[in-house]
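The values are calculated or read from the model by the stated rules, or taken from the named source; none is laboratory data. Since the model is a prediction, treat every value here as computed from it, not as a measurement. Every residue, glycine as well, gets a Cβ built from its backbone with ideal geometry; the counts of neighbours run over all protein chains shown. Please note that ligands, DNA and RNA were not included when accessible areas were found on the heavy atoms of the full protein model with its side chains. Shrake-Rupley method; radii C 1.70, N 1.55, O 1.52, S 1.80 Å.
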Amino acid sequence: MTTTASTTNETNTAALLHLSSLTQYFIPFGNYIFPILIWSAKKKESAFIDASGKSVLNFQLSMFLYTLITLLIAIPIFIYCIFKNVTINEFSDGEDLIIDNFHSGNITGIVILAFVAILLFCFLKVIEFILIIYASVKASNGEVYKYPLSISFLK
């Protein structure tokens, strides 16, 4: 994108837009609420702020989608690892559920799966934090930053 900032106010607002997504660590859904509030209030004043706001929101929505996909893959595998030796009759008879063969081989698989899912989630959050800081620096220099792996939900 060739949009650049022409005033210090624009660059400061765009940098604030990017940094406002870090509020997710203090306020639930702050990474959506504050960028939307700032962007909607200032987008008509500047094409640079409009482009920066769309970039921030597209990235945050993309990160949410990637986290959701990770959960949608990990949870069924986790449930399967726990209940793979339980028959359907044990569920329907109303008896106490006893999980047989819950030995170290099964526990190791569950621990590995949990470790990989947590590691992937942590990796996503670290990359997200670094990219937000980098994007805010770019915005303060008057450049629109397009986040990598960001899906364009808002055009």
Filter the stretch 25-37 for residues that are open to solvent by 40 Å² or more (accessible area, probe 1.4 Å) and in a helix (DSSP H, G or I); which is modelled with the lowest pLDDT? 25
Residue check: is residue 114 assigned to a helix (DSSP H, G or I), exposed (fewer than 15 other Cβ atoms within 10 Å of the Cβ) and modelled with pLDDT of 90 or more? no
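Do you know which of the residues in the stretch 1-24 that are of a type outside the set (S, T, N, Q) and over 12 Å from residue 140 (Cβ atoms) is modelled with the highest pLDDT? Spell out the reasoning first.
To start, the set of residues in the stretch 1-24 that are of a type outside the set (S, T, N, Q) comprises 1, 5, 10, 14-19, 22.
Still in the running and over 12 Å from residue 140 (Cβ atoms): 1, 22.
Details: 1: 43, 22: 94.
The selected residue is 22.
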Would you point out the residue of the stretch 135-150, among those that are open to solvent by less than 50 Å² (accessible area, probe 1.4 Å) and polar (S, T, N, Q), that is farthest from residue 53 (Cα to Cα)? 150
Checking residue 132 against (1) open to solvent by 30 Å² or more (accessible area, probe 1.4 Å); (2) among the β-branched types (Val, Ile, Thr); (3) within 14 Å of the chain's Cα centre (by Cα), which test does it fail? (1)
Pull out all pairs, ordered by first then second residue, where Cβ-Cβ is under 9 Å, the residues are six or more apart or on different chains, the first lies in the stretch 119-133 and is without any contact (Cβ under 8 Å) to a residue 12 or more places away in the chain and over 13 Å from residue 147 (Cβ atoms), and the second is of a type outside the set (Asp, Glu) and in a helix (DSSP H, G or I). 125/63; 125/67
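For the stretch 38-51, name all the residues that are among the basic types (Lys, Arg) and surrounded by fewer than 20 Cβ atoms within 10 Å (Cβ to Cβ). Give the steps one after another, and end with the answer.
Here is the first cut: in the stretch 38-51, the ones among the basic types (Lys, Arg) are 42-44.
Matches in the stretch 38-51: 43, 44.
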